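A.B. asks: Okay, handing you the structure first.
The values are calculated or read from the model by the stated rules, or taken from the named source; none is laboratory data. What you are looking at is a predicted structure, and each value in this text was computed from that prediction instead of being measured. FYI the Cβ positions are ideal-geometry reconstructions off the backbone, even for glycines, and counts take in every protein chain you see.
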Amino acid sequence: MIGTTIFLLIMSYIVYLIFKIVTDKPVIQLTHEYLDKLSIPDLEICCNESDIQITKYVFMLHNWTSTTFDNCTKFIQRSRVENNIYCYLFENNYTSTYFFGNPDINLTGPWVRNIDFYFKIDNITNMTSKFLSVGDISVQLMDSNFDLLWKGKAASTADLYENQIFKLQMNAFSGIQNMSTLAYFTKQTIQTILPNDISAIFGTTPNYHSITYLNIASRYYPMHPNENVSAGNFHGHFNVAPGSFIHDIQTEKLSHTVLIALGVLGGGFGELEKKDFIIKYRNRHLNILYSFLLSNLGRVDKWNLFLAFWTTKEQSLGFNAFFNEAENRN
């Protein structure tokens with residue numbers, strides 16, 4: 001009866017472990033790493049009710065010299081036009097150019113401190129006639145590996161989440177007429193476990209699916225009067241720079257895997273075997289000990305042994321029987 005009960009308990013626990021493995025929800029482990037350099041991000045620049053131009057952008061280098069590119073619209077490509085929203089994509093084609101990160105190592109350039117973009121709204125009159133605000137554009141920064149909007153397919157829930165954030169422009173900043181915007185970005189990566197990943201379910205290193213995105217913080221300042229604004233050469237300006245060189249990595253971890261379940265079961269079986277061993281062999285060994293003590297100890301020694309070592313109720317009862325037998329023999 002006891003064996004059947006133990007067997008049923010073990011099988012119930014195995015079913016429970018299987019259920020936990022199947023329904024397990026990942027937890028997030030957050031780690032940080034310091035980066036010596038950061039790639040220049042891609043930018044998507046959008047405007048309502050009017051086409052736009054990037055009249056120039058300026059690279060501020062590590063030695064505080066600058067390189068200016070005029071009429072930069074030719075360097076960007078139109079990415080999409082929908083519902084009178086005009087969007088352009090600026091892709092980082094400068095594969096050897098990075099943001100300046102760690103001055104304590106031997107760096108080879110060119111290294112960039114920040115980038116200035118100057119924009120012009122082609123039909124600002126039409127735009128402002130339909131909105132209460134002044135003319136503005138929307139800018140989003142992307143890691144060069146983040147390309148779900150134009151190609152690829154969402155492989156995980158995190159993909160869908162980040163793609164929706166991008167489409168809804170929830171992580172965007174504005175370029176505003178007669179204003180200067182400072183935009184700072186930090187790099188974050190999500191390492192997700194794909195559904196039915198056998199490695200993750202078994203308990204070895206998963207085949208992680210990585211999504212890298214940029215978090216944005218922005219500040220806005222009014223531009224002082226200048227002839228370029230007055231002449232209509234540009235309507236506003238925004239500056240892009242790293243906010244931190246610390247890379248935040250969020251990694252999914254499973255709490256219940258096959259290896260963990262086997263370890264738990266092994267520990268449980270070990271405890272059962274230990275208890276079974278104690279139950280089977282305790283009485284046998286105690287009987288041998290009783291016989292030895294009865295044969296070799298005097299009455300005083302028996303009482304001293306009782307007072308020194310035997311404390312629990314069960315053991316006291318055992319020694320009471322022991323002393324009763326000793327008294328009868330004497």
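A.B. asks: Polar (S, T, N, Q), touching a Leu at 6+ places or on another chain (Cβ under 9 Å) and at pLDDT below 70 - does that describe any residue in the range 114-133?
C.D. replies: No: zero hits.
A.B. asks: Can you spot a residue in the range 175-182 that is in a loop (DSSP other than H, G, I, E, B), at pLDDT below 75 and in contact with a Ser or Thr (Cβ under 9 Å, 6 or more places away or on another chain)? So that I can check it myself, show each step before the final result.
C.D. replies: Of the range 175-182, the ones in a loop (DSSP other than H, G, I, E, B) are 177-178.
If we keep only those that are at pLDDT below 75 as well, we get none.
No, the conditions are met nowhere in the range 175-182.
A.B. asks: So is Phe19 under 30 Å from Leu259 (Cα atoms), of a type outside the set (A, V, I, L, M) and over 22 Å from the mean Cα position of the chain (by Cα) or not?
C.D. replies: Details: under 30 Å from Leu259 (Cα atoms): yes; of a type outside the set (A, V, I, L, M): yes; over 22 Å from the mean Cα position of the chain (by Cα): yes.
Yes, satisfied.
A.B. asks: Please verify whether Gln29 is under 33 Å from the mean Cα position of the chain (by Cα), in a strand (DSSP E or B) and at pLDDT 75 or above, treating the condition exactly as stated.
C.D. replies: Criteria met by Gln29.
A.B. asks: Something else now. Taking Gly268 as the residue in question, decide whether it is assigned to a helix (DSSP H, G or I), within 30 Å of Thr192 (Cβ to Cβ), of a type in the set (Gly, Ala, Ser) and modelled with pLDDT under 85.
C.D. replies: Answer is no for this residue.
A.B. asks: Can you report the number of residues in the range 209-229 which are touching a helix residue (DSSP H, G or I) at 6+ places or on another chain (Cβ under 9 Å) and among the aromatic types (Phe, Trp, Tyr)?
C.D. replies: Residues that pass the stated criteria total 1.
A.B. asks: Suppose we keep only residues that are at pLDDT 85 or above and in a strand (DSSP E or B) within the range 62-88. Which one would you say is surrounded by the most Cβ atoms within 10 Å (Cβ to Cβ)?
C.D. replies: Tyr88
A.B. asks: Continuing with this model, one more query. What number goes with the only condition from (1) of a type outside the set (D, E, K, R); (2) surrounded by 10 or more Cβ atoms within 10 Å (Cβ to Cβ); (3) at pLDDT below 75 that Ile249 does not pass?
C.D. replies: Of the numbered conditions (1) of a type outside the set (D, E, K, R); (2) surrounded by 10 or more Cβ atoms within 10 Å (Cβ to Cβ); (3) at pLDDT below 75, the odd one out for Ile249 is (3).
A.B. asks: To continue, here is another question. What residue, among those in the range 191-214 that are β-branched (Val, Ile, Thr) and either closer than 30 Å to Cys47 by Cα or without any contact (Cβ under 8 Å) to a residue 12 or more places away in the chain (or both), is surrounded by the fewest Cβ atoms within 10 Å (Cβ to Cβ)? Give the steps one after another, and end with the answer.
C.D. replies: To start, the set of residues in the range 191-214 that are β-branched (Val, Ile, Thr) comprises 192-193, 198, 201, 204-205, 211-212.
From the residues that got through so far, the ones that are either closer than 30 Å to Cys47 by Cα or without any contact (Cβ under 8 Å) to a residue 12 or more places away in the chain (or both) too are 198, 205, 211-212.
On the way: Ile198: 10, Thr205: 7, Ile211: 23, Thr212: 17.
Across the range 191-214, the extreme among qualifying residues is Thr205.
A.B. asks: What residue, of Phe19, Phe99, is surrounded by 13 or more Cβ atoms within 10 Å (Cβ to Cβ) and modelled with pLDDT of 75 or more? Spell out how you get there, then give the answer.
C.D. replies: Numbers: Phe19 fails: surrounded by 13 or more Cβ atoms within 10 Å (Cβ to Cβ).
Exactly one residue qualifies, and that residue is Phe99.
A.B. asks: Quick check on my filter: what residues within the range 218-242 are surrounded by fewer than 16 Cβ atoms within 10 Å (Cβ to Cβ), farther than 16 Å from Val134 by Cα and within 40 Å of the chain's Cα centre (by Cα)?
C.D. replies: Residue satisfying the conditions is Arg219 alone.
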